[in-house]
1. Where does each of 105, 206, 69 land when they are ranked from fewest to most other beta-carbon atoms within 10 angstrom?
2. Order these peptides, 313-319, 240-246, by their mean beta-carbon neighbour count within 10 angstrom, highest first.
3. Output the Cα-based Rg and Dmax of the chain in Å, rounding Rg to one decimal and Dmax to a whole number.
4. Kirkwood Rh, Cα Rg: Rg to Rh for segment 5-256?
5. For the chain, what does the helix formula give at 222 nm: sum of -39500 (n - 2.57) over DSSP H segments with n ≥ 4, over the residue count, nearest 500 deg cm²/dmol?
6. Over what distance in Å are the Cα centres of segment 24-71 and segment 102-158 separated?
7. Roughly what % of DSSP beta bridges within the chain run antiparallel, to the nearest 5?
8. Got a sec? How would 215, 104 order by Cβ neighbour count within 10 Å, fewest to most?
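The numbers here are math on the coordinates, done by the rules we state, and not lab data. Everything quoted here is computed from the prediction, not taken from an experiment. Cβ placement follows ideal geometry from the backbone for every residue including glycine, while neighbour counts extend to all protein chains displayed.
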């Protein structure tokens, strides 16, 4: 009998410097702590190996922070621990996050020759002024050189991260960035809107700033990216992610499909079976806890059926795979009819589509409204669950009207009518 599949995430919380927008747990100027942390990670992986052996590991993701700054030698040592003490498949997707300023040919070649087969490169922008503004350590020329070095080292699966909605960034700037990235022909592109996180330098400097593109401008940038990347063969498979056929991130899909994954390192999260837990957001506390066998758990909870149902709908509708009736009934154990009613209403607005295989997913315009639309679906799900309790269920329950947000066409029509009446 085949063993279930598992993803492994290893958090590397070290950076050469902190980017102005970053709210992830990472530390700058803490290189002296690397040896102690490295030992703690190895010890933790060894401690967890009996549990890992119950699975086949088919994805490993080194995230951060800046794993490329941590060094190829340390990353490969961690990989070796997993290979020797866990059931790592030969076809495992092994990803390392990299920043252009810490990518060199020799290190990249070493990673590739020893089994790392995917890179995620944080380019973020192709305009040098924008890169400087957001605190990146590289310029566009360095980004290109790093990318070409990765190709020479043999990497044929490279993902590039880009940001939009940056201060003073215009739609033309964004279009130019996308065009430059497409010219590189990466296999995967991630496009993230700037979100000002409290406590970051950009939150302090740009909160309520007129230099920030407004919501409509950000929406236009997002729509343009989705349409442009589609024309060049990058299929949108999640709200922020686009891939050439066959190059969707296997590891990221585990999060969106509710598959099992284990995380290691401070602030790392895990979800195994019906258990979800995370570790402390403190490097020293994490290292000390592992070495002294003191608890390093920050949060721990058992996921009940209700939570799983909510997560299935929320995460499924974030992807282009979407949801479908039989799968929904298995995960949610509630009536499909109210959810179907809402999805049909979304389709009438152009926000959702039904594929031939019976799966529903958002369109580009639907992804733009995804937070609101998923909220409406969750309300329908909650109502269905109430109606489906044995003593309250009514087979002849009438369909209820669905309250939807205004579409762009309706808003435009109202604006024209208002102007014509004045």
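1. 105, 206, 69
2. 313-319, 240-246
3. 23.1, 75
4. Rg/Rh: 0.97.
5. About -13500 deg cm²/dmol.
6. Between the Cα centre of segment 24-71 and that of segment 102-158, the gap is 21 Å.
7. 40 percent
8. Ranked by crowding around the Cβ, least crowded first: 215, 104.
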